[in-house]
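Heads up, the thing below is written out as structure tokens.
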Amino acid sequence: MKLRDFWYPLPSELIAQHPAERRDQSRLIVLSRKNKSMVHRTFRDIHEYLGKGDCLVINNTRVIPARLLGEKEGTGGSIEFVLLKRLEPDVWEVILKPGRRARVGSRFVFGDGRLKTEILKIVEQGNRIVRFHYEGVFEEVLDQVGIVPLPPYITADLKDKERYQTIYSRVNGSAAAPTAGLHFTGELMDLLKAKGVEVAEVTLHVGLGTFRPVKTENIEEHHMHKEFYSIPEQACETINRARKRHNRVIAVGTTSVRVLETAADDQGLVRPGQGETDIFIYPGYRFKVIDALITNFHLPESTLIMLVCAFAGRDFIIEAYKEAIEQRYRFFSFGDAMFIY
């Protein structure tokens, strides 16, 4: 398929700059793949579409303050780091700008000297491997000097940093939030569990490659970034039990989908494990596990909209996006949501 097949025009004023006042008061468009129908609801109404025995799969990753603003040791030149991947306890792969100031051996200082680093190696796409030096616990130092890296299309300041975390986030490691989960409240999760909905937790640490544009006209030539994932035995038991009962497996977000489809065998049973996944899902893909999907509205020509089109059909999704634009839905990370079943 061609990249232009996944383009749609979006008025810039529909790009949400702030989260909804209350998480579960975002709008929700409900899509039936069978009937090709669209219904407009509020996210809290999602409980009406889930029932006893359904399995909700959530990504429990937590966004770290991965953006670091500092200066070059000796010259004072400004530098910006974004942490991508932890390789060893104090060794990370990072992206940075301006890159010309970061040759091997260069040293940089962040947070009035509380955090220092040296460049060890230059790798693919100009990323750097760096070693950090500090006193105390790295995560505590990072909380003091780091900034949560909001997506580039969000230009407004975020007053409450927890609004860019899901309520169930607990495993540090992401550079971006799994945004479909931002709509859930504790009250809504309790309501779903009271109805008999089972919840399975997986982990996928979202990298900034999520926002990397597809540049190949033939989408099959695009290479996905790798992201760390983990799926524990307990989650596999819950998911596989639901499938054996012929109940639905409902993925919260494209990140949960990627974990499930990576961990599944040809019969759709998921196996525990962890590693890196670069699975690329686009139309023509045969899904092995999921029966329904909760997701936000994604950027034109992104791998995320391709995944959603693979699940529900390109024409139907583009039609739904047009409807959402006409109805003035809010788009992207802090925007509204879809439930596709």
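Nothing in this text is a laboratory measurement; each read-out follows from the coordinates by a stated rule. In this text, all values refer to a predicted model and were calculated from it rather than measured experimentally. Please note: Cβ atoms are built from the backbone with ideal geometry, for glycine as well, and neighbour counts cover all protein chains shown.
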Can you run the Rg to Rh ratio on segment 176-240? Use alpha carbon positions and the Kirkwood inverse-distance Rh. 1.10
At the level of C-alpha centres, the distance separating segment 216-248 and segment 132-209, in angstrom, is 19
Cleavage-rule hits, trypsin sites (Lys or Arg not before Pro), segment 39-144, DSSP coil, Cβ neighbours within 10 Å at most 10: K52, R103
Magnitude of the charge dipole, segment 67-145, Cβ model with Lys/Arg +1 and Asp/Glu -1, debye to 20: 480
Any idea what log10 I(q)/I(0) is at q = 0.06, 0.10 Å⁻¹ for the chain, Debye with uniform C-alpha scatterers and no solvent? -0.22, -0.61
Roughly how many whole Å is it from the C-alpha centroid of segment 51-77 to that of segment 277-321? 23
In straight Cα distance, which lysines are under 16 Å from K72, not counting same-chain residues fewer than 8 positions off? K97, K116
Compute the signed sum of charges (Lys and Arg +1, Asp and Glu -1) over the other residues within less than 13 Å, Cβ to Cβ, of P11. +1
Counting other C-beta atoms within 10 Å, and keeping those with at most 11, which DSSP coil trypsin sites (Lys or Arg not before Pro) do you find in segment 187-272? K215, R245
What is the gain in length, in nm to one decimal, between N172 and E124 on full extension, counting 0.36 nm per residue of separation less the C-alpha to C-alpha distance? 14.8 nm
Suppose every K and R has +1 on its Cβ and every D and E has -1 on its Cβ; what is the size of the dipole of the chain about the Cα centre, in Debye to the nearest 20? 320
Who wins for biggest fluctuation among E237, E48, E124 in a Gaussian network model of the chain, springs between alpha carbons below 10 Å? E124
Would you mind telling me the antiparallel percentage of the DSSP bridges in the chain, rounded to 5? 70
Within segment 300-339, which trypsin sites (Lys or Arg not before Pro) sit in a loop by DSSP and count at most 15 neighbouring Cβ atoms inside 10 Å? R328
Going by C-beta contacts inside 10 Å, put M1, M189 in order with the fewest on the left. M1, M189
